[in-house]
Amino acid sequence: DLKGRLHVIDHEAIELSNLQRYALAGQAEIGMSKAVLAATALRSTGLEVEAHPLTWAEYVARRGNWVLDQVGVALDTAADRLAVQGALPRWIANAWMQEHDLGISRHGFDDGQACLCCMYLPSGKSKDEHQLIAEELGIPEAHEQVKTLLQTNAGVPNDFVVRVATAMAVPFEPLAPFVGQPLRSFYQQAICGGLVFQLSEGSRRVRTVVPMAFQSVLAGIMLAADLVKHSAGFPMSPTTSTRVNLLRPLGSHLHDPKAKDSSGRCICSDDDFIAAYRRKYGAR
């Protein structure tokens with residue numbers, strides 16, 4: 001039987017907008033902490049599971065001990081992934097999804113291979129997330145308020161939702177239930193979930209991505225499998241990344257090699273980060 005200690009870290013709760021993507025959740029679990037739900041589901045296993053309804057930053061700040069033997073990552077943004085690698089876990093398994101594919105990547109740090117930051121290192125100048133969200137909400141001039149709402153996870157005020165409805169030329173009433181909800185939830189349901197598109201009868205063009213319902217589950221299964229393999233000492237894939245193209249028949253070779261960043265900008269090329277990693281885990 002599988003045994004070990006597992007810390008589940010997620011500050012979000014189950015929401016109706018993407019309920020179809022969860023294998024464990026139904027209508028009854030809406031509003032329940034994702035971390036608590038996972039811990040409850042694993043209660044009858046040989047694992048010792050501890051739920052942490054926190055952001056990654058909050059978790060590591062409270063933890064005190066930053067020696068992290070292995071971390072499984074399933075996050076939405078590149079910035080969040082960079083933050084996890086910045087804490088210098090010994091080993092990371094990273095699950096990801098895109099519009100057309102999904103996959104898993106595996107990362108040490110002081111091994112000459114690509115670290116997690118190498119995969120998500122920004123190239124060129126790009127807009128910050130709060131600027132992009134403000135633009136998609138139709139209120140680009142309110143990007144500083146959007147930034148504050150994202151950082152504090154505060155509920156969106158009534159006048160903010162009214163402003164978005166006016167900018168989008170849609171009625172306020174269908175958006176009123178979002179007053180008091182975190183901005184990210186409002187954005188994901190109203191914009192990404194297609195509500196504004198429906199209310200405008202298609203006249204208001206918004207970028208809507210509807211992932212296949214099984215994508216998250218398959219990426220999660222691949223992530224769990226790699227964590228178990230690594231914990232048990234089984235041979236790992238010789239390549240950093242494994243990719244599954246959802247628009248093609250399943251191939252016989254799914255390896256997707258990723259090279260270590262060669263620009264010298266990544267933290268895995270920084271002497272201070274390398275020294276800190278070696279102090280924690282020893283030289284390779």
Contact order normalised by residue count of segment 93-159, Cα under 8 Å, 6+ apart, percent: 15 percent
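Return an integer: the convex hull volume of the alpha-carbon atoms of segment 77-125, in Å³ per residue.
About 93 Å³ per residue, rounded to a whole number.
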Signed unit charges on C-beta, dipole axis of the chain, positive-most listed residue ILE92, GLN113, GLY46: GLN113
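Plugging the Kirkwood radius over Cα pairs into Stokes-Einstein for segment 129-199, at a temperature of 25 °C and a viscosity of 0.890 mPa s, what D comes out in µm²/s?
Details: Rh = 11.7 Å.
Result for D is 210 µm²/s.
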Computed label-point distance, nm, for sites GLN27 and ASP69 using a 7 Å Cα→Cβ extension: 4.3 nm
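Average projected area of the Cα convex hull of the chain, in nm²?
17.2 nm²
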For GLY103, net neighbour charge (Lys/Arg +1, Asp/Glu -1) across residues whose Cβ lies under 12 Å away: 0
Using a Förster distance of 51 Å, the FRET efficiency for LYS3-ASP159 (Cβ separation, nearest 0.05): 0.45
Leading residue at positive end of dipole, segment 129-199 (Cβ point charges), from VAL196, ALA154, PHE172: ALA154
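How high is the relative contact order of segment 129-199, in percent, counting Cα pairs under 8 Å that sit 6 or more residues apart?
31 percent.
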Potential lengthening between ASP128 and LYS280 on full extension [0.36 nm per residue; Cα-Cα distance subtracted]: 51.5 nm
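So if we plug the beta-carbon distance of GLU50 and MET212 into 1/(1 + (r/R0)^6) with R0 = 35 Å, what FRET efficiency do we get, rounded to 0.05? Don't jump to the answer; show the numbers that get you there.
Values: r = 32 Å, r/R0 = 0.90.
About 0.65, to the nearest 0.05.
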Most mobile of GLN198, GLN215, GLN85 in a GNM of the chain (Cα contacts under 10 Å): GLN198
Footprinting exposure proxy for SER126, SER44 (fewest neighbouring C-beta atoms within 10 Å first): SER44, SER126
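Give me SER216, SER262 ranked fewest to most by other Cβ atoms within 10 Å of their Cβ, as a rough exposure proxy. Numbers along the way, then the final one.
On the way: SER216 19, SER262 9.
By the 10 Å Cβ count, ascending: SER262, SER216.
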Cα centre as origin, Lys/Arg/Asp/Glu Cβ charges: the chain dipole, Debye: 700 debye
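Every read-out reported here was derived from the displayed coordinates using simple, explicitly stated rules and does not represent laboratory data. Since we're looking at a predicted model, the values are computed, not measured. Cβ coordinates were reconstructed from backbone atoms using ideal geometry, including for glycine residues, and neighbour counts include every protein chain displayed.
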